[in-house]
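A short worksheet on the structure shown next.
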Amino acid sequence: MKPARKLYIKSFGCQMNVYDSQRMADALAPEGYVETETPDDADLVVLNTCHIREKAAEKVYSELGRMRRLKEAAASDGRNVLITVAGCVAQAEGEEIVRRAPAVDVVVGSQNYHRLPDLIARAREGKIVDTQFPVEDKFDRLAAPSRAATRARGVSAFVTVQEGCDKFCTFCVVPYTRGAETSRPVVKILAEIERLAGAGVREVTLIGQNVNAYHGEGPDGRPSSLARLLERTARIPGIDRLRYTTSHPLDLGDDLIAAHRDLPALMPQLHLPVQSGSDRILAAMNRRHTRADYLDIIGRLREARPDLALTSDFIVGFPGETNDDFAATLKLVNEIGYSGAFSFKYSPRPGTPGADMDDQLDEAVKSERLYLLQDAIDRSQAAFNRDCRGRTLSVLLERPGRYQGQLIGRSPYLQPVQVEALSSLIGEIAAVTITDVASNSLFGTLAAAPANEPALAGAGA
Ligand code: SAM
Ligand code: SF4
C-alpha cells in the first residue's frame, strides 16, 4: 500500500476541465492520493487551467502566488508540497510558467495528464514540463474511478467523447491548446457510461469542444455520429437522461435534430453558441454560417422538439463590430427567446487571427455592449423561468440544498430547482410542481403524481 497523501485539484474554465480534473484524481488514486477540499493540508496541488480569455489565464498566476506562500509555509514545517499546472495555460505557455512562477514543479498539457504519477515522481529531482502532444491515447492509460469516487461525484456525470477543434474561429485558442479534433471509440465510451450507471449515475452529459462533430469508431469499424452514440447510450439501463455540449451550428445534422424528436432520454435543452447576430461579424469570426442559417437550424430543432430550451454564447466587441452589428445581436436574442446565455467581452488571444486585426474596440465600448446584452439575456431568461410557474416538471434530485430538508435538482431544461424533500430521494427523478421562480432558479414542491420522464405533466408544450 502506498502512503496516504492529500491532493487538492482546482478546476478553472469549462466542463471539459471538470472532467479532466476527475480523471487526474483517478490517475493519482493508486499512488495513495486522496482528494482534499482545501490546499492548506495538501501534499500535491494541481491547478487545471483555462486559457480562453486573458482574465482566465491571469487568474492562474494570482492563484500560483497563493500556492507559493502555502508551499513556503509547509516547507518551514518540514513538508514538501508539489505544485502542478495542468490544462490549457500549461499547454499554451509551457516553460514560461516555470519562469514566471518558479514554485511550480510540474507543467502538464491537456493530452498528457495520464502521465501525472510518473511526472510527480520525477519532479522530486527537478522541474518537469510535458506539453508535447503524445502518440498514445491518454484515455487508454487512465485508471477508472472507484465506485466510491463515482458515487461521491453525484448522479449526473460528464463524459468526454470528443476533444480538440478544427474550426479555427478567429477569436479562439482552442485549436491551438487542445489540438486537432479527435473522437473516442463508441465501445470505450459505452463501457465508461455502463460503469457510471452501475455506481448510480442517472444523467450523462456527453462533452467535447465541438461535440457534434463526433465521429468516433463504431462497433462495426465505421465512424459513428453523435446521434447514433446518443441512441446507444440511451439503451444503457439506469441512464435516464442525456445531454450533450458544446455544439457548433455547422455540425448540427438532420440525424441529431431527429434525435431531439425521437429519443425520450435526450433532454429538451441545447447549448448552441452563435457568438454574434451580424453576418459581417460571423464571417470575420470564421464561423462559416450566417444568421439565417442559425435561425433555420433553430426552426428545425423546434419543429422536432417544440419545448426545446436554447442557450448560447456571445462575444461583444469583436474587432470591427459596429453599433449596427451589435444591434443585430440584440435583435437575435429577443427573437430566439433563450433560456439563458453566456456573454463575454472579446479578449484578443496571442496567436489567433483576431488579435492581429486592425480595428480593435475600446474597453469602454465593449463594457457598455456587454451590459446591454446581459440585460437582454436576463430578461429572456426571466421570461422563460416565469413560464414554468404552475407547471409540473420532472426533476433529477441531485444534492442537499442550503437548508435542512431542501434538495437541489435540475429540470429537463437544466434550470436548478429547489425542492423540499428528504435526502433519501437524492438520485430520484421526481415530479415537482413549480410554485415560485427567481432569476436563476425555480422553487417547487413534490407533486403527488410520479414523474414520467420525459413527459412533463401539465407542460402545455
Ligand atoms: N466550441 C464552442 C463553440 O463553438 O462555440 C465554445 C468554445 S469556448 C471554450 C466557450 C466560449 O468562450 C465561446 O463560445 C466564446 O463565446 C468564448 N470565447 C472564446 N474565445 C474568446 C475570446 N477570445 N474572447 C472572448 N470570449 C471568447
Ligand atoms: Fe473555438 Fe468553438 Fe470555434 Fe472551435 S468551434 S475554434 S472551440 S469557438
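So how strong a dipole does the range 239-373 carry about its Cα centre when Lys and Arg Cβ are +1 and Asp and Glu Cβ are -1, to the nearest 20 debye? Provide the component values of the computation, followed by the final result.
Details: 15 positive and 21 negative charges, 72 e Å.
The calculation lands at about 340 debye.
If you keep only loop residues by DSSP, which GluC sites (Glu not before Pro) in the range 139-203 have at most 11 other Cβ atoms within 10 Å of their Cβ? Could the numbers behind the result be given before it?
Details: sites: Glu163, Glu181, Glu192, Glu194, Glu203; in loops: Glu181.
Here no loop site has a sparse enough neighbourhood.
Placing +1 at every Lys and Arg Cβ and -1 at every Asp and Glu Cβ, with all other atoms neutral, what dipole size does the range 100-141 have around its Cα centre, in debye to the nearest 20?
On the way: 7 positive and 7 negative charges, 41 e Å.
Dipole magnitude for the range 100-141 comes out near 200 debye.
Could you check the spin-label model distance between Asp77 and Tyr371? Points 7 Å from the Cα along Cα→Cβ, value in nm.
Result: 4.6 nm between the two label points.
R0 = 35 Å: FRET efficiency of Asp118 with Ala283, Cβ-based, nearest 0.05? Please list the in-between numbers first.
Values: r = 46 Å, r/R0 = 1.32.
Efficiency, rounded to the nearest 0.05: 0.15.
Which value in nm describes the separation of the simple spin-label points at Gln404 and Leu425, placed 7 Å from the Cα toward the beta carbon?
Here the answer is 1.8 nm between the modelled labels.
Given the range 34-132, report the % of alpha carbon pairs whose separation exceeds 15 Å.
Working: 2817 of 4851 pairs.
Roughly 58 percent, once rounded to a whole number.
Cα centroids of the range 218-258 and the range 1-25: how far apart, whole angstrom?
One Cα centre to the other: 27 Å.
Please work out how much length the chain gains when fully extended from Arg147 to Asp358, using 0.36 nm per residue of separation minus the C-alpha to C-alpha distance, in nm with one decimal. Display every interim value, and only then the final one.
Values: separation 211, 0.36 × 211 = 75.96 nm, distance 5.36 nm.
Gain on extension, Arg147 to Asp358, equals 70.6 nm.
Using the alpha carbon gyration tensor of the chain, what are the three equivalent-ellipsoid semi-axes (square root of 5 times each eigenvalue), largest first, in whole Å?
Values: eigenvalues 241, 171, 100 Å².
Calculated on Cα positions only, the semi-axes equal 35, 29, 22 Å.
For Asn112, what charge total do you get from the other residues with a beta carbon under 9 Å from its beta carbon, if Lys and Arg give +1 and Asp and Glu give -1? Kindly include the intermediate steps, with their values, before the conclusion.
Working: positive: Arg115, Lys138; negative: Asp130.
Result for the neighbourhood of Asn112: +1.
Just the isolated ones, please: cysteines in the chain lacking another cysteine beta carbon under 4.7 angstrom.
Flagged as lacking a Cys partner: Cys14, Cys50, Cys88, Cys165, Cys388.
Label-point separation (nm) for Asp251 and Glu194, each offset 7 Å from Cα along Cα-to-Cβ?
Placing both labels 7 Å beyond Cα along the Cβ direction yields 2.6 nm.
Mean separation of Cα pairs under 8 Å and 6+ residues apart, divided by the residue count of the chain: what relative contact order is that in percent?
9 percent
Looking at the chain only, what percent of DSSP beta bridges run antiparallel? Nearest 5 please.
Details: 23 of 68 bridges.
Of the beta bridges lying entirely in the chain, close to 35 percent run antiparallel.
Using a 10 Å Cβ count of at most 10 others and DSSP loop calls, identify the longest part of the chain lacking such trypsin sites (Lys or Arg not before Pro). Please report the intermediate quantities before stating the final value.
Values: sites that count: Arg124, Arg235, Arg402.
No qualifying site falls inside 236-401, the longest such stretch.
Run lengths n ≥ 4 of DSSP H only: what is the helix-derived mean residue ellipticity at 222 nm for the chain, with -39500 (n - 2.57) per run over all residues, to the nearest 500?
Numbers: 15 runs with 160 residues, N = 461.
Using -39500 (n - 2.57) per qualifying helix, the result is -10500 deg cm²/dmol.
Over all alpha-carbon pairs of the range 142-253, lay out the pair-distance distribution in 5 Å bins, whole %, shortest bin first.
2, 12, 22, 22, 18, 13, 8, 2, 0
For the residues Met267, Met357, what sequence is obtained by ranking on other C-beta atoms within 10 Å, fewest first?
Met357, Met267
Bear in mind these aren't lab numbers, they're just calculated from the coordinates by the rules spelled out. Being a predicted model, the structure only gives us computed values, none of them experimental. All Cβ positions, glycine included, derive from the backbone under ideal geometry; neighbour counts span all protein chains shown.
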